[in-house]
Structures are given as structure tokens and as C-alpha cells.
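The values are calculated or read from the model by the stated rules, or taken from the named source; none is laboratory data. Quick caveat: nothing in here was measured; it's all calculated off a predicted structure. In this analysis, Cβ positions are derived from the backbone assuming ideal geometry, glycine residues included, and neighbour counts consider all displayed protein chains.
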Amino acid sequence: MNHTARRDFLRLVLLGGASLGLLPACDDKKTPSGSASGSPATTSGNSDKEFQIGWSVWTGWMPFKLMQEKGFLKKRADEHKVKIKLVEFKGYMDSVQAFAAKKLDGCAMTSMESLQPASNGVPSVAILINDRSNGGDGVLVREGTDLKGLAGKTVLLEEFSVSHYLLNRALESAGLKEKDVKIKNIPGDDAGKAFLTDKNVEAVATWNPHLFQAVEQGKGKLVFSSKDIPDEIMDFLVMNEDALKENPGLGPALTDAWFDAMAYFAGEAMRKDAIEIMAKGAGSSVEDFEKMLKDTDLFTDRKKTADTLEGEKLKGTMEKVKKFSFDHDLIKNEGFQIGFGHDAKSQLKFDKSYIKI
């Protein structure tokens with residue numbers, strides 16, 4: 001997994017060192033109230049096993065904290081007689097590696113990371129879209145430079161990460177190729193900090209809060225962001241298909257609990273409480289968390305989420321992600337198949353059947 005994409009330095013303020021130690025977020029046991037048409041039945045399976053779901057700190061994943069603290073996951077799990085434990089990781093890639101090693105039954109991850117465990121033998125199913133980056137990832141340059149002006153310049157970023165992918169798409173939009181710039185590999189969070197503190201840093205690909213801080217402080221300008229490639233940088237809850245089969249209530253429990261949290265977040269009376277819980281869990285101020293939410297589209301609607309999960313646009317996006325992953329040696333097989341729908345025969349598939357409409 002040494003060459004896999006990484007977000008070890010999380011997009012929000014870190015809660016501590018990126019140790020591999022697991023931080024059990026809760027012993028919640030949840031199960032949702034059903035599944036979509038054509039989906040697996042929600043009768044209980046192995047009710048004794050406790051399924052482990054990994055997640056890490058990022059704006060779009062903080063609803064997992066809300067699911068835990070407000071009891072939504074517990075309620076849904078009890079309904080379906082399934083036991084679920086949320087496991088919070090300090091290091092994002094630690095969670096992905098644990099999923100790849102089959103130490104987790106599910107894990108929150110980006111579209112790019114989802115390919116690697118699957119291509120290495122983990123039967124993987126994306127059952128939920130958590131969020132899409134809508135300006136939360138971007139390319140910063142100094143005043144007087146534009147995208148075409150990046151040619152010959154050094155760009156700091158974390159190699160093989162979503163930032164690396166974003167830079168490639170930015171260069172492509174300007175008629176440039178990756179070979180036209182010099183890439184310096186550095187943890188993505190450090191890249192953002194370096195741009196803010198070192199005037200010699202010419203350009204970076206990073207994420208919030210560094211993006212809005214650089215612009216607000218007049219230290220640089222944003223020349224390309226995830227807003228320019230909508231739906232291409234997305235986060236998912238990816239499950240081991242064996243776990244979903246072991247207890248058919250597992251997938252629906254997780255998706256129903258997510259949408260319970262989304263309903264709480266969207267409610268005018270509860271929104272303030274929801275944001276305070278998520279900001280605290282992220283180690284962020286409410287003000288900064290609100291800013292990051294503006295550039296992160298949470299998937300709050302069941303039908304929209306289900307339609308997007310198996311939609312044509314995502315199919316096209318995943319082909320782009322697959323090509324990038326193959327070109328950068330993150331996956332070995334260019335013919336690796338990505339499937340859509342519950343009955344797809346592929347090692348990685350996107351399946352809306354666990355979302356009850």
C-alpha cells in the first residue's frame with residue numbers, strides 16, 4: 001500500500017499524531033429500516049458479530065460523529081438486530097489500510113482509494129455517497145500567475161492523492177501535462193501550510209482551510225478547484241461485500257442512520273446543535289467549520305444519493321479515476337472492472353440498493 005493515495009494529514013485540524021491506534025467512537029449498534037426496491041432483504045443475519053466501520057476526520061465525514069452522539073446509529077441497528085461499532089482513526093490512510101487488510105467491515109474513503117483495496121482482492125461495495133468536494137480542494141498560485149503560467153514551476157502536493165488528481169485535471173484544462181511542471185511530494189496539509197508561510201513556494205494543490213486562508217490573507221489566488229470538476233472528488237462509505245452478505249441489515253442500518261443525521265442537520269431548529277457537535281469532533285471552530293461546509297456538498301437526500309450512486313456521470317468519473325490510478329501505478333490492471341448495481345459482477349461496485357427511498 002506504499003503507493004496508494006493518502007490523506008494522512010487530514011483536511012481539518014488534526015486531533016493528534018497519525019498513529020495506527022484505533023479510537024473507538026462508539027459501541028453503537030444500528031440497523032436501518034429497510035432497503036430499496038431490488039435490494040437485499042433486511043432480515044437479520046449473524047446478530048452476535050459486531051461489525052467495525054472506520055472513519056476519519058474530514059468535513060464530509062463528521063456526520064458519523066452526529067450519528068453516534070445523537071443515537072441515530074444505535075436506533076437503526078437495534079431495529080435490524082445488527083451490532084455496529086464506529087472506529088475513528090487519527091490517520092486517514094490507516095483506516096484504508098485496515099479495510100484493505102480486512103480488519104474493518106467498512107470504511108469511509110474517496111473514490112480514488114476505493115479502487116486499491118478492491119484491486120487487491122477485497123470485494124468492495126460503495127453503498128453511500130457522503131459528500132462531494134465543491135471548492136474544498138484546489139490549486140493555489142501567487143498573484144501574477146495563472147494556470148498556463150504553472151509550466152516550469154514547482155507544485156507542492158501529496159503524490160497519488162486527490163490533490164495530485166486535481167492538479168492533473170487543472171493542467172489538462174489549460175492544455176498542459178504533468179511533465180510540464182515539477183512536483184514536490186509533501187503531505188497535503190504541510191503543502192497548504194508552506195504556501196501560507198513561505199513566499200518561495202510557487203504553487204500548491206491542497207484543501208481547506210488553507211485555500212480560504214490564503215485568499216483571505218491576500219497570499220495567493222485560487223486558479224482551479226473541485227468546483228471546476230463537479231462530482232469528480234467524492235467520498236463514499238465502502239463496505240466489504242462479505243460483511244453485507246453476512247448480515248443483510250448492516251448496509252440499510254448505516255444508510256438510514258446517515259440520513260437520520262442529515263435530517264437533523266437540515267432541520268432549522270437542530271442545525272446549530274448539529275454543527276457544534278461536528279465542529280467539536282473535528283477540532284475546529286464553528287466559524288471555520290461553517291466555511292468548510294460551504295465548499296463541501298453533503299448528500300442529504302435519499303433519492304439524489306441513490307440516483308447519483310449508479311448514475312452515468314459517476315461512471316464517467318470513475319473511468320477518469322481508474323485511468324489516473326493506472327497511469328500512476330496505483331492499480332496494476334488497466335482492465336480492472338468497476339460495476340454499478342447490486343447484481344454487477346465486479347470487485348468494486350456502486351450499489352444504491354441499500355438506500356431506502
Query raised in the report: In this structure, does Gly311 turn out to be among the small types (Gly, Ala, Ser), farther than 22 Å from Met62 by Cβ, surrounded by 13 or more Cβ atoms within 10 Å (Cβ to Cβ) and touching a strand residue (DSSP E or B) at 6+ places or on another chain (Cβ under 7 Å)?
Result: no
Query raised in the report: free of Cβ contacts under 8 Å to residues at least 40 places away in the same chain, assigned by TED's automatic domain parsing to the domain that holds Gly316 and over 15 Å from Ser56 (Cα atoms): does that describe Ala101?
Result: yes
Report task. Find the helices (runs of 4 or more DSSP H) located wholly in the stretch 274-357 whose residues include 2 or more that are farther than 21 Å from Asp137 by Cβ and at pLDDT 95 or above, and list them. Result -> 302-309, 312-327
**Report entry** Among the candidates Val122, Val141, residue that is touching a residue at least 12 places away in the same chain (Cβ under 8 Å), β-branched (Val, Ile, Thr) and assigned by TED's automatic domain parsing to the domain that holds Met318
**Finding:** Val122
Query raised in the report: When you go through (1) within 20 Å of Phe289 (Cβ to Cβ); (2) hydrophobic (A, V, I, L, M, F, W, C); (3) buried (at least 18 other Cβ atoms within 10 Å of the Cβ); (4) out of contact with any Pro (no Cβ under 6 Å at 6 or more places or on another chain) one by one for Ala261, which number turns out not to apply?
Result: (4)
Query raised in the report: Inside the stretch 272-304, can you point out the residues that are more than 22 Å from Ser225 (Cβ to Cβ) and among the acidic types (Asp, Glu)?
Result: Asp273, Glu276, Asp301
Query raised in the report: Yes or no: Gln217 closer than 26 Å to Ala282 by Cα, more than 24 Å from the chain's Cα centre (by Cα) and not assigned by TED's automatic domain parsing to the domain that holds Glu312?
Result: yes
Query raised in the report: Does the stretch 314-338 hold any residues that are under 22 Å from Arg302 (Cβ atoms) and of a type outside the set (A, V, I, L, M, F, W, C), and which are they?
Result: Lys315, Thr317
Query raised in the report: So which of Val87, Val141, Val82 is at pLDDT 95 or above, in contact with a strand residue (DSSP E or B) (Cβ under 9 Å, 6 or more places away or on another chain) and surrounded by 24 or more Cβ atoms within 10 Å (Cβ to Cβ)?
Result: Val82
